[in-house]
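The structure appears below as structure tokens.
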């Protein structure tokens, strides 16, 4: 080729580049060639850079309830313009679609699902029947991501703009046959499942058992209900929560005062009696509404303080949860769905914008952190559709922020009735380690496996508690002495009951914190050998040890067991310096593990475990996950 | 850690793996834990492997007209079951969403678009007004992907199940103000755009000018119209096509007989007078239809021979187009939209299944070929929604292939009226080099840039023809001698007119094939110097050379110029062996290029160009793209 030809080829290449260059949308005239394009050149390398294998230390799932692609587009058009960008939702680099169908009671597909069956699907990896929470088609409870995260030593959070008992948030912390079973007074649809009937109890009561580190939302009203069965019968759920160590807060000041939250002192923020008030209000859809002059939405004066916006709550939750333990956090923008049901376009738009702010918070954290998987998706699609002319059913004519009319149609129910969910596959988008698993077509249940795999959660609940040990403060004591049964490693149990010679030592089961619990009791007056048994309430794991009551035992005071020691801190000076060879039993529930068998080479390891024993098991649970990760 | 602990950790890791193992959906019970999951473990590496930078040799765009996520889900549920997989559409590894809004005539967003504005968006990279084809908001024609592919030396194809003049296919080959302007008798809505008014003519007439190598679809009826203006006035479009070298076929036998198609002998397959009959028929949606017993769809006895299915036509098109030149092929499943308008769920399902087969064909080719970008998307979303109970508007109750009832709602128009498009963002999915550009949120116009960039198309139309040359068979001839004006490199022009001393040498412009054309004419009887000018019809590029008529010129016969030589074949033995130093002019339209300036070192290169001159410019156009690619 001549040098002229070469120069010309180069010039053509430049020109070709120029012709294909795309102006940034913000400055572009959408009527220009390329003026509406969103990409600025080839993004293959950028996508490649966004592909990071797990594990991730943290997972944040953000759910727009009822936020199908139509709802996203309605919100973008209104708030940012058709060529605009929702700064959170639209910024996720990895995207796909997932299917959201549920099951009939016969185990056949139900093509139109709702929030309970769908939340159960990603919470547990198991499809279920509409209306049920985290039980399978046979009614058997299925462990949830939040529960498994807790059992694996991670911090956990659950944030929503609805009542926290509502389906999406409820599915992470409870297992009931009907999503309406909020509190002990609401169990009509949950026959056999109340505490007095020997069931797991209402959604709120199960939530109190699971003890997520952070729970923020509405639904305070239900906590005024009085327990009708179980260990806290007669007390309000609010009092029960306080008694069990929860930091119960109800306003900005209360939340501001919470500077730390963990299993010992979980935070339960209940900011409204029911659902949060929405962000925007606007015209109701009417028959012929599309023909009316277009109007803008209005800020709702009832809206909570901006410190209680979904974005602010997400920020607070992350602040409380972020640690080397890792965390699982679910955040729900709940009322996109509720306002879509109500044919309230402004309502659903405001809630989508609100969720978008929460996504921005999560993304900001994840970008800084580098070890956080963020997933944004919906539970199911919904009714609202953008149309070009007034439909026969309810519709509304909005004036968008770019000054153009947009007609939104609500055509699945009669005016004044609740609009229906729809069965279309919905968008799922992700950022961070493991996010590649949102690409292509997946099912809602895949999100469970993606999250669990990325967090390296051991999903075998029985095995998680099978390594548990029971240690008595002293295996041989004087009659009537104070004894403490110390449990550790009961990772997948939230409560434990203790018996001494088959009699309960306390009316109320003890809360198991990070797999550990201390149960003080008094030794019998009669000398003899007594069986002490601790049973995990969730896995049924039974730990047993023999207590010898002997008049010849020294009357030395038992070693006090501290209930709070900073994780990773020094071994307390009063830690035992020898290996207990008696009074220590291994778990018998699930797959029993061998008893601790320590050799000289393991002394350093033992010291670590001994220290863990003293801090309520936290260290051990975390250690388990780290081991798991190291051996994968 | 003890060896026991180590073994246990390994066992836990194995168990954790087992607990997270997902059975393949085909064999799984969807009521089981993991039974509905679609992924089989982490897919990060699989996604990474799917990321391939361009360039690609070929691009195949497959468009499901009106195929929003709801329409995809309706079809999957019906044909494959909720847990099933559409073997083509669902198999694309890289996925995202794009926005589909149009413009008002004032240049503001129109949130509810239709097939003309949307097809124009990805065909040209320029948004336009509903109803317009590949002109901008001012009415100015915008070059299309198919035209640019042709101008850059690629093979081109356009396949649809609708009339080929319909919006999606029409947008690639025409520039009109109204999509209804199919033929010369249909120009009512296109004032000033007919050939007799000096416009570009009807969609069909523009299609004949563009000369895609392969055009397959319906719309035969329009070709019976008689041209009312322009060079072929008085002839039917069908006769015009034949006269201009098209292989016009109308049935399976005719198509089977076509074994090669290129710009010299393009194939125009017109298999139905209007749109293709659909694949499935079924119950019309009615008020209360969701309450009726569910029914299955029926195979339509009117359906065309399976050799004319969209999959078969796609296969035939690829077979005809596949060469080292590369190709751009658009395939449309047109009647998903049309049956959605008609509230005909079975109709839209069958057409989605039909498109899915075409996607499978494209993917099979691309997987073998390794240099083909396949993109599957829709032009806009549509009305149909899956609901759980009978809506107030039209609905239908289908019995899916898994024996379950599915209610499909059509709620944007009254029963019996045309259902509306909807404005939701839609799925875009890809495979192959450049496919990463479908991820995240893009706009429909990005698909133009992604395709053009991946094919390394020079989008500067004027520049593409600016290197053109005009060579006379002899610069000096005897009075009345036969002369041939040979044009090459007029890459972005489809026709050229030739004048001798400002008088046209023929009534009909010559078709420019791959940038080249031969125009025979007779030299004037009077000695003198005459200006010969060739003007490209599309770019306006003017090429000029002087012809000297002299009685002293030898009366040697002019070198015959063959019109067909196999591409890449040997230089004919009667090829010129010397460089024409006279009678060769460079283009003057657009950005004029320097005249060919050859040195001794370029003799081999020159021979190549000289050979190209003889084969109508094909070699040069391809050479240009290869150069461009090499210099990127």
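The values are calculated or read from the model by the stated rules, or taken from the named source; none is laboratory data. This structure is a prediction, so every number in the text was calculated from the model and none was measured. Cβ atoms come from the backbone with ideal geometry, glycine included; neighbour counts cover every protein chain shown.
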**Message:** Pairs please, first residue from the stretch B:185-211 and assigned by TED's automatic domain parsing to the domain that holds residue B:243, second anywhere and loosely packed, with under 15 Cβ neighbours inside 10 Å and outside any loop (DSSP other than H, G, I, E, B), Cβ atoms under 8 Å, 6+ apart in sequence or on different chains.
**Reply:** B:191/B:197
**Item:** Enumeration of residues in the stretch B:54-73 that are facing chain A (nearest Cβ under 8 Å) and either free of Cβ contacts under 8 Å to residues at least 40 places away in the same chain or within 24 Å of residue B:424 (Cα to Cα) (or both)
**Value:** B:68, B:69, B:70, B:72, B:73
**Message:** Residue under question is residue A:91, and the condition is that it be surrounded by fewer than 24 Cβ atoms within 10 Å (Cβ to Cβ), more than 11 Å from every other protein chain (Cβ to nearest Cβ) and within 23 Å of residue A:360 (Cβ to Cβ); does it hold?
**Reply:** no
**Message:** Please verify whether residue B:108 is surrounded by 23 or more Cβ atoms within 10 Å (Cβ to Cβ) and on the phi < 0 side of the Ramachandran plot, treating the condition exactly as stated.
**Reply:** no
**Asked** Just to be sure, is residue A:117 assigned by TED's automatic domain parsing to the domain that holds residue A:224 and touching a residue at least 40 places away in the same chain (Cβ under 8 Å)?
**Response** no
**Request:** Determine, yes or no, whether residue B:105 is assigned to a loop (DSSP other than H, G, I, E, B), farther than 27 Å from residue B:435 by Cα, without any contact (Cβ under 8 Å) to a residue 60 or more places away in the chain and at the interface with another protein chain (Cβ under 7 Å from one of its Cβ atoms).
**Result:** no
**Message:** I need every pair where a residue in the stretch A:282-296 that is closer than 8 Å to residue A:396 by Cβ has its Cβ under 6 Å from the Cβ of a residue that is exposed (fewer than 14 other Cβ atoms within 10 Å of the Cβ) and at pLDDT below 95, sequence separation at least 6 or different chains.
**Reply:** none
**Asked** How about the stretch B:373-391: which of its residues are crowded, with 24+ Cβ neighbours inside 10 Å, in a loop (DSSP other than H, G, I, E, B) and within 11 Å of another protein chain (Cβ to nearest Cβ)?
**Response** B:380, B:382, B:383, B:384, B:391
**Request:** Just need a number here: residues in the stretch B:22-39 that are within 18 Å of residue A:459 (Cβ to Cβ), buried (at least 16 other Cβ atoms within 10 Å of the Cβ) and at pLDDT below 50.
**Result:** 1
**Request:** For residue B:222, state whether it is buried (at least 24 other Cβ atoms within 10 Å of the Cβ) and modelled with pLDDT of 95 or more.
**Result:** yes
**Fill in**
Across the stretch B:392-401, the tally of residues that are within 7 Å of chain A (Cβ to nearest Cβ) and at pLDDT below 95 stands at 0
**Message:** Being in contact with a strand residue (DSSP E or B) (Cβ under 7 Å, 6 or more places away or on another chain) and either in contact (Cβ under 8 Å) with a residue 60 or more places away in the chain or not assigned by TED's automatic domain parsing to the domain that holds residue B:345 (or both) is the requirement here; does residue B:392 meet it?
**Reply:** no
**Message:** Suppose we filter the stretch B:265-276 for residues that are buried (at least 17 other Cβ atoms within 10 Å of the Cβ) and in a loop (DSSP other than H, G, I, E, B); how many remain?
**Reply:** 5
**Fill in**
A careful count of residues in the stretch A:484-503 that are buried (at least 24 other Cβ atoms within 10 Å of the Cβ) and more than 30 Å from residue A:460 (Cα to Cα) gives 0
**Request:** Give the residues of the stretch B:322-352 that are assigned to a helix (DSSP H, G or I) and either surrounded by fewer than 24 Cβ atoms within 10 Å (Cβ to Cβ) or free of Cβ contacts under 8 Å to residues at least 12 places away in the same chain (or both), sorted by residue number.
**Result:** B:338, B:341
**Prompt:** Can you spot a residue in the stretch B:40-57 that is under 27 Å from residue A:144 (Cα atoms), touching a strand residue (DSSP E or B) at 6+ places or on another chain (Cβ under 9 Å), surrounded by 20 or more Cβ atoms within 10 Å (Cβ to Cβ) and not assigned by TED's automatic domain parsing to the domain that holds residue B:154?
**Reply:** yes
**Item:** strands (runs of 3 or more DSSP E) enclosed by the stretch A:392-499 - at least 1 residues per element that are within 30 Å of residue B:429 (Cα to Cα) and more than 31 Å from the chain's Cα centre (by Cα)
**Value:** A:405-409
**Asked** Out of the stretch A:411-436, which residues are farther than 30 Å from residue A:450 by Cβ and facing chain B (nearest Cβ under 8 Å)?
**Response** A:411, A:412, A:413, A:414
**Message:** Step by step: first the residues of the stretch B:36-53, then only those that are more than 7 Å from chain A (Cβ to nearest Cβ) and in contact (Cβ under 8 Å) with a residue 40 or more places away in the chain, then the one that is nearest to the chain's Cα centre (by Cα). Which residue is that?
**Reply:** B:52
